[in-house]
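Here the structure comes first, spelled out in structure tokens, and everything after it is commentary.
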Amino acid sequence: MPEPDISFRDRPINMNEKGGRKWIYAKKPKGKWYRRRTVFSWFVLLFFIAVPFIRVNGHPFVLLDIASRKFILFGAIFWAQDTFILALLMLSFVLFIVLFTVTFGRLWCGWACPQTIFLEMVFRKIEYLIEGDFRKRYKLDSGPWTSEKVLKKVSKHAIFIAISIAMTNTFLLWFIGTEKWFILISEPIRDNFSGFIVMLIVSGFFYWVYSFFREQICTMVCPYGRMQGVLLDSKSIVVSYDYFRGEPRGGKTDGDCIDCRQCISVCPTGIDIRNGTQLECINCTACIDQCDIVMKNIGKDPGLIRFDSDHGIKHGHNSIWNARNRAYSVVLLVLFSFFIYTLLSRPDIETTILRTPGLLYQENADNTISNVYNIKIVNKTHENMPLEIHLISQEGLIKMAGSSMDVKDQAMFESMFILFISRDLLKSDNTEVEFGIYSNGELIETYKTSFVSP
Ligand code: SF4
Ligand code: SF4
């Protein structure tokens, strides 16, 4: 019996013996899974492009304003002070990814990851259109520089550069919002030269990734792909080759696999799925479609490669639910419920009052002691809030810098005030004081801090 070929374990498939890059010329996929994936990718692209333009009650639906440390997610505003709530959201998201991966493997990578969507559904389609399918592309690349080759390469790369710039600007919209973006592009470049250079660098990075680096992001860089080794188990449903049905392969035997290697020719990461689940498999389903075409041509049932688990292939039946993903689901439910509870119960404003650094106290002629405070109030609502501050723990007088404490919607108010307390009311050199923040006469938040005196 011949020894099985396990040379695929020696090095990544897109690497030659000398460690150099082996370019993958993937055949254009076709079939029902590819059609489904194409339609799904339109929705993902529409989501990516349209979301920054969606406004709810005049406010962005999503905005990741890192510079102002303000995040709007699905209409809810989060400030730096909401780190705990954001951490709960992030934890829930990570757990959801874990649960999803345990159950469906790397489905996210093939179907929803921006890297795959842009590479396979945008850049690769333009390449097919200009340079043709895999054989024509291979011939073009290995042939001499004719005028046709120059024309094709120049037009392809010009379009790639234009799309990379458009992608960068769309990403920018998620981070700065449409208003700032329109201002940026309508102003002369010299007024935002550093921003322009950053935009060019990011566009250049995208162009390099989608033109040259390509599938190596999924096979060598992305940490999520590596996590699969610990997340997948025999019941995870992934793109699988039915080795019971397919082997022994070769066409002249009982196995259904005729060893035509068509499943490898369509694979964007160049692997042979018959070697089992591999890190490089992004679950794009191109090999399912291709093998189904082969099966149809030789008069066999489709599904030699299909979505299934190792358990399903061995025992002929499958279940999405197992002890692991049930446990993850319970934890996710608890965590997400806690996130919703903290989100709904968080106050409309967030106040921070701290004694001004470097200043202690002042003894005044009217027998009072005064302390200077910095005050910061974040308005997390979509309404302007007229606010007032009063000392509620004892008698005292507040003198605020500036005349009003009107805080605009989703804005931050920062100021200073002086608190005067009569010397007779102070029992120690460090007294706890409590402030009340009122809006339209209603107490909406309290804040405790210290008052120092001789
Ligand atoms: S396409 Fe199907 S029949 Fe052909 S090599 Fe792959 S698994 Fe075997
Ligand atoms: S093995 Fe199949 S599903 Fe996995 S990346 Fe290759 S073509 Fe896509």
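The values are calculated or read from the model by the stated rules, or taken from the named source; none is laboratory data. Worth saying up front: this structure is predicted, and the values here are computed from it rather than measured. Neighbour counts run over all protein chains shown; Cβ positions are idealised from the backbone, glycine included.
Side notes on the structure shown:
- In the range 205-245, the residue that is nearest to the chain's Cα centre (by Cα) out of those that are more than 15 Å from residue 106 (Cα to Cα), among the hydroxyl-bearing types (Ser, Thr, Tyr) and surrounded by fewer than 20 Cβ atoms within 10 Å (Cβ to Cβ) is 211.
- Tally, over the range 17-72, of residues that are of a type in the set (Gly, Ala, Ser), more than 30 Å from residue 292 (Cα to Cα) and in contact with a Gly (Cβ under 8 Å, 6 or more places away or on another chain): 0
- Residue in the range 237-256 that is modelled with the highest pLDDT, counting only those that are part of a loop (DSSP other than H, G, I, E, B) and within 14 Å of ligand 2 (Cβ to nearest atom): 242
- On inspection, residue 264 does not qualify as more than 10 Å from ligand 2 (Cβ to nearest atom) and buried (at least 17 other Cβ atoms within 10 Å of the Cβ).
- Those residues of the range 265-283 which are within 14 Å of ligand 1 (Cβ to nearest atom) and under 18 Å from residue 134 (Cα atoms), in sequence order: 265, 266, 267, 270, 271, 272
- Residues of the range 284-336 satisfying the condition of being within 16 Å of ligand 1 (Cβ to nearest atom), part of a helix (DSSP H, G or I) and among the small types (Gly, Ala, Ser): 286
- Among residues of the range 29-55, those that are crowded, with 16+ Cβ neighbours inside 10 Å and either outside any loop (DSSP other than H, G, I, E, B) or in contact with a Phe, Trp or Tyr (Cβ under 7 Å, 6 or more places away or on another chain) (or both), counted: 9
- Contact map, the range 327-342: first residue more than 11 Å from residue 89 (Cα to Cα), second residue at pLDDT below 95 and outside any helix (DSSP H, G or I), Cβ cut-off under 9 Å, separation 6 or more or different chains; pairs are 329/321.
- Entirely in the range 58-174, the helices (runs of 4 or more DSSP H) that have 3 or more residues that are within 30 Å of residue 341 (Cα to Cα) and over 18 Å from the mean Cα position of the chain (by Cα): 83-104
- Members of the range 371-418 that are touching a residue at least 24 places away in the same chain (Cβ under 8 Å) and among the small types (Gly, Ala, Ser): 393, 396, 411, 415
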